[in-house]
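Reviewing the structure listed below.
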């Protein structure tokens, strides 16, 4: 069975789908991943088919780093919508070619509407996959305006629906272009979730996060929504650590990990200096993962207590560190929770604020931090609080629960239960 997966964004967005795709491929399914050509090595090494699509989120994020740095969600959405309008005509052409003969489409993030509309055009099933709770619920606070606000259930529902409506007002332009090019009816001003429109109301949805971090609320329809557990793509066996990193790890107690993945900021030098000052105030050693540019390896800052690296697989590095200080991306949250690390989260945008709040509620991150007002003293204090036995014990208790979930197996079982995953035909025996 040919299955096409749409995931457009950073490598962190693509990696879980490589993990899922590999397991589906092992059962005999033919898996195509439609994503940026930047992820070619990741897809090809996973043994899957890459369909490169015209997009460069790294370049977009670098160009708009000032907007990202201010954390203005509305401005970020508008910049994204403008880029999608430019890309969408070619995306439609590339997506239609990629899905020729497909029997199932999965889509996530910025590619959700594209995948859903292509599936509608072809008359085949569509499954949405997400890494943060987006379905309105009385029991889950909305991502906007502040997930930490203690609100009654009806207010949670009302704000979640309002947030959806506002997102649609910002992001509707490229989707309107896409549906016009596909010859589909426009969705209308109320958005795809409205009772009148109903375009998204019947979609199946897989949530690829742990139920031990966020249980499935009882007001989510269980016949088309499932919390599966995380989809981990382990790379330990394929990665050789630099000898200098091994020497650093062996030279003393487990260090802190500090990294912000694909996040960027307007003044990475100043942000890095603040981070390093906080580390020195704690008296701890630290591995600094510079990632896409929120942090920099500054001349004259290196000493025996610091090790700078661009990136390293979390499944290899996290068992070797004492704590993770990061942006709160869903993948990093899952990887750190999987090995029982206390976490300090400095959110930049979107769902990172939700995960910061949620992990604070669970007790594996000690406090909610505001990046705009963060100082070295505040960060050092948060790191100190994360070292408390109560935080460490809660983090360790979660690890075996998350490790035992096997979110990919659960996702495949759910797809089968929904009647969307056919058993591969046995190979013909040679006569």
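Nothing in this text is a laboratory measurement; each read-out follows from the coordinates by a stated rule. On a predicted model such as this, the values are computed, not experimentally measured, just so you know. Reconstructed Cβ throughout: ideal geometry from the backbone, glycine too, with neighbour counts over all protein chains shown.
The percentage of C-alpha pairs in segment 190-336 whose separation is greater than 26 Å is 41%. Residue-normalised convex hull volume from the C-alpha trace of segment 281-377: 116 Å³ per residue.
If R0 equals 60 Å, the separation of the Cβ atoms of residue 247 and residue 185 corresponds to a calculated FRET efficiency of about 0.45.
Just subtract the alpha-carbon distance of residue 237 and residue 397 from 0.36 nm times their residue separation and send over the number in nm, one decimal. List each step's numbers first, then the result.
Details: separation 160, 0.36 × 160 = 57.60 nm, distance 2.62 nm.
Extra length from residue 237 to residue 397 when fully extended: 55.0 nm.
Kindly identify segment 364-413 as rounded, prolate or oblate by the Cα gyration tensor criterion: order the square roots of the eigenvalues as a ≥ b ≥ c, call it rounded if a/c is under 1.5, otherwise compare a/b with b/c, prolate if a/b is larger, else oblate. Oblate is the answer for segment 364-413, as a/c is 1.5 or above yet b/c matches or exceeds a/b. The length gained on full extension between residue 78 and residue 375, counted as 0.36 nm times the residue separation minus their Cα-Cα distance, comes to 103.9 nm.
Largest GNM mean-square fluctuation among 180, 161, 326, using the chain with Cα springs under 10 Å: 180.
Taken over the chain, the percentage of Cα pairs per 20 Å bin, counting from 0 up to the bin with the maximum distance, is 25, 59, 16, 0. Axis of helix 73-98 versus longest Cα principal axis of the chain: the two differ by about 50°, to the nearest ten degrees.
Given labels modelled 7 Å from the Cα in the Cβ direction, how far is it in nm from residue 302 to residue 54? In this crude spin-label approximation the distance works out to 4.2 nm.
When the chain is treated as a GNM with alpha-carbon contacts under 10 Å, the residue of 190, 247, 23 showing the greatest mean-square fluctuation is 247.
For the pair segment 90-129 / segment 299-318, the C-alpha centres are spaced 39 Å from each other. Averaged over residues, the count of other Cβ atoms within 10 Å places the peptides 207-214, 252-259 in the sequence 207-214, 252-259, highest first. Above 24 Å, the calculated P(r) of segment 238-403 contains 27 percent of its Cα-Cα pairs. Taking the average, over residues, of other Cβ atoms within 10 Å as the packing measure, peptides 229-240, 370-381 rank 229-240, 370-381 from highest down.
Taking the C-alpha atoms only, the angle from helix 11-26 to the longest principal axis of the chain is near 60 degrees.
When the chain is fully extended, how far beyond the present Cα-Cα distance does residue 269 get from residue 310, taking 0.36 nm per residue of separation?
Details: separation 41, 0.36 × 41 = 14.76 nm, distance 1.52 nm.
Taking 0.36 nm per residue and subtracting the Cα distance, the gain is 13.2 nm.
Helix 376-386 and the long axis of the chain differ in direction by around 80°, with both axes built from C-alpha atoms.
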